[in-house]
Amino acid sequence: VSRENFKTCDQSGFCKRHRAMQPGSSPYVVLMDSIKIFESSTVELQILNTKNNVRLLLQVSALKDNTARVKINELDPIKKRYEIPVGDALVGEPKLQNMKVLERTDGSITLGFEDNKILITSKPFRIDFINNDEAVVSINTQGLLKFEHYRKKETPPAQEETADGQESDTNNEEQQEGGDEAGEENKEETPQEEEESGMWEETFKNFHDSKPFGPSSVGMDVSFPGFEHVYGIPQHADSFALKTTKSTDPYRLFNLDVFEYELYNPMALYGSIPVMMAHNEKRTVGIFWHNAAETWIDISSNTADKNFLSKMADLVNGGSNEIPQTDTHWMSESGVIDIFIMLGPSAHDVYYQYAQLTGTTNLPPLFGISYHQCRWNYNDQEDVKNVDANFDLYDIPYDVIWLDIEHTDGKRYFTWDGEKFPNSEEMINNVAAKGRKMVTIVDPHLKRDDNFAVYKEAKDLDHMVKNKDGNEYDGWCWPGSSSWPDFTNPEVRRWWATKFLLDNYKGSTPALFTWNDMNEPSVFNGPEITFHKDVIHMDGFENRDMHNLYGQYVLQATSEGLLLRSENKERPFVLSRAFFAGSQRYGAIWTGDNMGEWGHLKISLPMLLSINLAGVTFSGADVGGFFKNPDAELLTRWYQAGAFQPFFRAHAHIDTKRREPYIQPEENMKIIRQAIIARYSYLPLWYTLFYEGETKGIAPMRPLWVEYPADKNTFTMDDEYLLGTSLLVKPITEQGQTGTQVYFPGQNELWYDVETFKLYNGGQSVYVDAPLSKIPVFQRGGSIVPRKLRIRRSSSLMVHDPFTLIVCLDKKESAKGNLYVDDYHSFNYRRGEYLHREFTFDQNEFRSQSVDVHGNISTKEWIEKIIVVGLNKEPSKAVLNVKGKEPQILQWEYSSYDKELIIRKPGVNIATDFSIQLS
Amino acid sequence: TVPRPRGVSISMASYYQPGAKFRCLDGTKEYPFEYVNDDYCDCPDGSDEPGTSACQNGKFHCTNAGYRPTNILSSRVNDGICDCCDGTDEWDGNIECVNNCKELGKKMREEADRVRLLQEAGYQKKLQNIKEGKQMREEKKVELEELQKSKVDLEASKDEMEARKNEAETPEKEAKEKHEQAWNELVELKKAEKEKLRAEIAFAELDTNGDSKIDVSEIKVHSMFDVDSNGEVSDEEALEHLEEALEADLEHFTLKVWPNIKDVYKAPGTESKGDNQDDVEENKASSSDIPEVEGYDDDDDYIDDDDDDDIDDEDDGYMDEEVKEDTGNNEEEDKMPDYDDETKSLIAIADEARQQFTEADNNLRDTENKIRDLESYLGNDYGPEDEYSILKDNCYEYTDREYTYKLCAYSRATQRPKNGGSETTLGNWGRWDGPSDDKYAAQRYENGQGCWNGPNRSVKVHFKCGTENRVTSASEPSRCEYAFDFETPSRCTAPPNRSSDDIHDEL
């Protein structure tokens, strides 16, 4: 990475101002007499900044599902401060719930909801969230609240020097901008507050930020007493458990196109989700900082302030042990403070609580979670045909072939290069004839060319983002000079959506889906390769106010376009590079332009764990790495890892060698093929997990501690993870490795190698052989995993195929599992056309029954095989019982060595309730 | 037809006997016959499910009457795609397949006919190519042998001529040296006389008081003796010029003084400051040449101060020659007289020998070059029957939307933008690069111009049967890795025996 292209905290005026604050000197006090209570669920209080007498409005609300909200805005701003519209990040208006005032004193007020207390202290201002008499989240305990109110610029007596401090070396560039900022220049300060650097304008490299509205940042500290580990705030190429930032920059959230990004580094990347979870042996809590401006987060370890806490009744459970605490300091350039405090107490609860706020990942169409073959670029129709044919020739399944920017007529999206793709419909139809799909890239930058209809229309409709002077913003991207529709505007999004109608997108078909790249947005000649912060969006708000949401709006508009195209019948599929809180509602994301290096394979795990924790569960990393040429070993290992990650796509830069699986050396080709086949065989599990994700918000890909919350060994573990509750995955991410140390969680758990059914006991770390052909994946004893073992060319050709159920028994010889089934592509499941089945094995009896009476669909899928592993005694009889039918004797094979029973062909339709009695 | 389970070919039908137990074809296991095609995989080799998709490793046989029978992967049975033209792979009713084997068969036969005609036509040309190629090889071989033979003679001849030349050159050299030495002595003599005369004149000029002696005061009046250029000739400087004699008579002057001042000396009245300096410098340059060249040493700082590098050295040398030539021209009007007749005839004899030697040497070199060319030709691989030698030294062009591609067989491949611009080398002849069992299916041209951020360009040329030699397509499937399709009769194969109906082999 070229670090000099991106700001450090020191180079970002507001970050520098906030970070320079000293703890323990907060000027803010709550005016207790100002209390107002609304709808028995919201308490309003005024906060006074005793240094400048500016008043803030504090709103504390109790929300359904053990969640609270704290909002701080200016009481009487001279200009409306930006708030993210409800429905954009938040899926809707959060549901309030009753809250009581438990106690009021001169200096504090205690509120109560569910079994939580909220203690608001006046002087200095702080809020503590208390559960079971333990503070679990505390706000402004360090007194780092800083709320820069909007203020008027005083006309300067004379032109002074341009920006001070580190900006002073950039006078030349500033002068190019003309004299306008000479007038804006304002060194006069309000009487109460001292002027600090970068408040009224800022320059980075040769980019000038005019800051017409002056300083507007907000920041505050949030502490997690009793928690040593915090997670989330993606996207960073860093470890899953977040690190203290004492000796580095804060973690930065600011959607940026970072060329060849660096690993183990808090720099900003393509997406930003200001969500953090804190976890200890007893509980999990989370916070959502509902703000889409550039945000920096400092993290430090501390010990809890016992003096304060001990004032609370029974707070410390005896003992003089110090309570560990993690302090976080959140700093945003603009907007309001709006924090959701998700009180758990379990990780599953926090996932659910966050899902209630920002929504869940919609169940993807089955092809979306299958294997995707991408490259920049498949050159022409012949190329596409050959790649497609080669996958069949080598009998490697794939579902989607992708076309990058070169497919267009001069990077005009929604068009085709007529020479290379003279008949795109025929090409797509040929691919679709095998149940496959295609994806074309549609980026948000529009070539400034009046002969390009989409651009012309957007221009004529006045749909473009404006620069600070009110003219159409003009920047450089792939097509050269480009403009960007203002996707923050719902009307523009509706207009954009119509571009996907088959009549408008010539040469497309219903089997064509979409990829939004460069939507941070990437502006090659912009500051930090993105928009100038003073560009203007809808209602006169600046990009500064909601930068991190722009990409999500692009994704949303595109997703809505695909919905519009199918009249809301077919599930859309859109891949986006930029993302924010709520992006999960619209599509998949990937980790951007990674590199074909071992380190990037390794980092894909913590990156995805973090993104998944923050709700964007349909996510993956480019298999093979985007830049550079991975050798056959790295590529093979990457396929093995990718096969067990939620979004599974191979991609490569245009300058790299071709690397499709079938052109690998034969040994590697075969192993890669097996990895892809493994992915397809587990699609029923993935699909079921995504269904549970849509309903419960839980991510299919989870850190171990989500399921083993009390196991401290797992708290910093980010090289292995769980898929649902049944699979443990430890991909090989080191060159030359032929084995790996696997930690098997759960003292009483049993884990079975999914290929050999070799047994491992939980609660220990074991070295497991992993030659090149081996993916270390283990199924938990006590789980039942549905698979489809017939190899087809694509997932849609598997829809009638039978299931094989893998029953891995726990120490009590029992197991449980789920299966979700529907038509795999439409929204009919929302009208009840689905099956949600539960399988159990207990006391030598296997049962299959519906767990959701609302769902029903007729399907040809049936059960061909049930494999029971960990059965100590061979049965003498297996009888299938289906209601209304004669009992049927089933055949089986049993291996006493493996303790493995294979029940031959129950032959029951998957929709049927049945049991198999072993005796 | 023999009744047999779905997906089993006639040749395999005997392994599937209703009523008997079914033994997996790999012999590992035995099952009731009802287990055959019951949509559950029992046999490790998949042989119990020839007609379903139950086994991962199974094969399904379609008869495809009217077309050609095919084995497809059993994973393609009942997957909703008609893979067999007779539609037998989709028997579960999920999709209706149209039996289009007849049309396909017809098309196939037409295609087979077309290919056969092409192959036949191409093959005839190929035979010609082979013939020419072999002939060419034979010719080259013969030529090579001959050349190798004649090379021996030529070497002998060259050696002989060299000996003769050396023999003739010895007396020539002696005679010439003798003549030249005589001449040089004469020249030296003349020079000395002339110098003596100049000294006498100078002596007369300097001896201003006419006492036939030159004393210090007579020296001091001449600025040319102002060695340190301080504007006056000091006693010391004067004494130095007089070689420490207070006064010099003519003899002392001629022998001791004159040699040291002759180069700076100017007749009184003609001297000027500038001239003087020029002369000094010139003098310095020429006289410093000798010690410096002899003592030349890169490590010697002192010498480096004067002579910065080799180029300076050469310049100095060059100047020296000019200077010498100049003085020669000025002072020596006479040229060396012609050699005497005896010497002349020796020279003529030597010239003759030299010329003959040069001729012999050239002949040998010529032959060696030819041999090298032939060896290179014969060392190249033109296919098992030399059928590709016809392409050597020929270039073939192909033009697409943007570029004109050119392949010069066994040499290099290039690309030139149509709208002008410079040619890019895509690759230089590398090797045959077909698959291991079909090496002559492709050629690789490698190490072309480097790519920014990528490999050196390269081209893989894929050969296909055709009646003409031509490039039929050029593409860049991967950045800077090009692919040409090349049609040539040399890639055509012998048409099959017409009496055979087994069209299978043709495809």
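Starting from residues that are under 23 Å from the mean Cα position of the chain (by Cα) and open to solvent by less than 50 Å² (accessible area, probe 1.4 Å), keep the ones in region B:433-449 and report whichever is nearest to B:SER411 (Cα to Cα). This residue is B:TYR445.
Among the residues of region A:428-449, is there at least one that is more than 23 Å from A:SER559 (Cβ to Cβ), open to solvent by less than 70 Å² (accessible area, probe 1.4 Å) and within 14 Å of chain B (Cβ to nearest Cβ)? So far as region A:428-449 goes, yes, one or more of its residues are more than 23 Å from A:SER559 (Cβ to Cβ), open to solvent by less than 70 Å² (accessible area, probe 1.4 Å) and within 14 Å of chain B (Cβ to nearest Cβ). With the condition kept exactly as written, say whether any residue in region A:640-654 is touching a residue at least 24 places away in the same chain (Cβ under 8 Å), open to solvent by 10 Å² or more (accessible area, probe 1.4 Å) and within 14 Å of chain B (Cβ to nearest Cβ). The answer is yes, given that some residue of region A:640-654 is touching a residue at least 24 places away in the same chain (Cβ under 8 Å), open to solvent by 10 Å² or more (accessible area, probe 1.4 Å) and within 14 Å of chain B (Cβ to nearest Cβ). Taking B:ASN37 as meeting all but one of (1) touching a strand residue (DSSP E or B) at 6+ places or on another chain (Cβ under 7 Å); (2) within 14 Å of another protein chain (Cβ to nearest Cβ); (3) not hydroxyl-bearing (Ser, Thr, Tyr), write down the number of the exception. Tallying (1) touching a strand residue (DSSP E or B) at 6+ places or on another chain (Cβ under 7 Å); (2) within 14 Å of another protein chain (Cβ to nearest Cβ); (3) not hydroxyl-bearing (Ser, Thr, Tyr), B:ASN37 fails exactly one: (1). Would you be able to say whether some residue in region A:14-29 is closer than 23 Å to A:PRO250 by Cα, buried (at least 21 other Cβ atoms within 10 Å of the Cβ) and more than 31 Å from the chain's Cα centre (by Cα)? Checked region A:14-29: at least one residue is closer than 23 Å to A:PRO250 by Cα, buried (at least 21 other Cβ atoms within 10 Å of the Cβ) and more than 31 Å from the chain's Cα centre (by Cα).
Picking from residues in region A:67-119 that are closer than 15 Å to A:MET342 by Cα and in a loop (DSSP other than H, G, I, E, B), the one that is least open to solvent (accessible area, probe 1.4 Å) is A:LEU90.
For region A:714-732, does any single residue satisfy the condition of being in a helix (DSSP H, G or I) and either more than 30 Å from B:CYS55 (Cβ to Cβ) or at pLDDT below 95 (or both)? Yes, the conditions are met somewhere in region A:714-732. Condition test on B:GLU120, is it of a type in the set (Asp, Glu) and open to solvent by 50 Å² or more (accessible area, probe 1.4 Å)? No. Within region B:55-78, if we keep just the residues that are within 14 Å of chain A (Cβ to nearest Cβ) and assigned to a loop (DSSP other than H, G, I, E, B), the residue that is most open to solvent (accessible area, probe 1.4 Å) turns out to be B:GLN56. How about region A:30-59: which of its residues are under 27 Å from A:GLU294 (Cα atoms), open to solvent by 10 Å² or more (accessible area, probe 1.4 Å) and among the hydrophobic types (A, V, I, L, M, F, W, C)? A:LEU48, A:VAL54, A:LEU57 - these are the residues of region A:30-59 that are under 27 Å from A:GLU294 (Cα atoms), open to solvent by 10 Å² or more (accessible area, probe 1.4 Å) and among the hydrophobic types (A, V, I, L, M, F, W, C). Here the condition is being open to solvent by 10 Å² or more (accessible area, probe 1.4 Å) and polar (S, T, N, Q); of A:SER559, A:SER576, A:SER566, A:SER619, it holds for A:SER566 alone. Selection of region A:241-260 for residues being among the aromatic types (Phe, Trp, Tyr), touching a residue at least 60 places away in the same chain (Cβ under 8 Å) and surrounded by 24 or more Cβ atoms within 10 Å (Cβ to Cβ) yields an empty set. Scanning region A:665-676 for residues that are open to solvent by 20 Å² or more (accessible area, probe 1.4 Å) and within 14 Å of another protein chain (Cβ to nearest Cβ) returns A:PRO665, A:GLU666, A:LYS670, A:ARG673, A:GLN674. Taking only region A:772-801 into account, find how many residues are among the hydrophobic types (A, V, I, L, M, F, W, C), more than 12 Å from every other protein chain (Cβ to nearest Cβ) and not in a strand (DSSP E or B). Counting residues in region A:772-801 that are among the hydrophobic types (A, V, I, L, M, F, W, C), more than 12 Å from every other protein chain (Cβ to nearest Cβ) and not in a strand (DSSP E or B) gives 2. Taken over region B:148-180, the criterion of being of a type in the set (Ser, Thr, Tyr), surrounded by fewer than 18 Cβ atoms within 10 Å (Cβ to Cβ) and under 41 Å from the mean Cα position of the chain (by Cα) is satisfied by B:SER150 alone. Screening A:GLU861 on (1) surrounded by fewer than 23 Cβ atoms within 10 Å (Cβ to Cβ); (2) farther than 21 Å from A:ILE910 by Cα; (3) touching a residue at least 24 places away in the same chain (Cβ under 8 Å) shows it passes everything except condition (2). Only a single item in (1) touching a residue at least 12 places away in the same chain (Cβ under 8 Å); (2) surrounded by fewer than 16 Cβ atoms within 10 Å (Cβ to Cβ); (3) within 14 Å of chain B (Cβ to nearest Cβ) is not met by A:ASN872, and it is number (3). Against the test of being more than 30 Å from B:ALA494 (Cβ to Cβ), open to solvent by 80 Å² or more (accessible area, probe 1.4 Å), away from chain A (no Cβ under 14 Å) and modelled with pLDDT under 95, the options B:GLU145, B:GLU110 yield a single qualifying residue, B:GLU145.
Note on region B:476-487: residues that are within 12 Å of chain A (Cβ to nearest Cβ) and more than 27 Å from the chain's Cα centre (by Cα) total 2. A single entry from A:ASP383, A:ASP388, A:ASP395, A:ASP417 fulfils the requirement of being surrounded by fewer than 23 Cβ atoms within 10 Å (Cβ to Cβ) and more than 11 Å from chain B (Cβ to nearest Cβ): A:ASP388. Scanning region A:559-591 for residues that are in a helix (DSSP H, G or I) and within 18 Å of the chain's Cα centre (by Cα) turns up A:SER559, A:SER583, A:GLN584, A:ARG585.
Within region B:79-97, the set of residues being within 14 Å of another protein chain (Cβ to nearest Cβ) and either of a type in the set (A, V, I, L, M, F, W, C) or farther than 23 Å from A:THR859 by Cβ (or both) comprises B:ILE81, B:CYS82, B:ASP83, B:TRP91, B:ILE95, B:CYS97.
Between A:TYR553, A:TYR662, the distinction of being in contact with a helix residue (DSSP H, G or I) (Cβ under 9 Å, 6 or more places away or on another chain), of a type outside the set (Lys, Arg), open to solvent by 10 Å² or more (accessible area, probe 1.4 Å) and in contact (Cβ under 8 Å) with a residue 40 or more places away in the chain belongs to A:TYR662 only. Looking across B:CYS43, B:CYS101, one residue alone is under 60 Å from the mean Cα position of the chain (by Cα), more than 10 Å from chain A (Cβ to nearest Cβ) and not charged (D, E, K, R). It is B:CYS101. The single condition from (1) open to solvent by 30 Å² or more (accessible area, probe 1.4 Å); (2) under 19 Å from B:THR88 (Cα atoms); (3) modelled with pLDDT of 95 or more that B:SER11 fails is (3).
The values are calculated or read from the model by the stated rules, or taken from the named source; none is laboratory data. What you see is a predicted model, and the numbers here were worked out from it, not measured in a lab. Neighbour counts run over all protein chains shown; Cβ positions are idealised from the backbone, glycine included. Note: areas computed on protein heavy atoms with side chains; ligands, DNA, RNA excluded. Shrake-Rupley method; radii C 1.70, N 1.55, O 1.52, S 1.80 Å.
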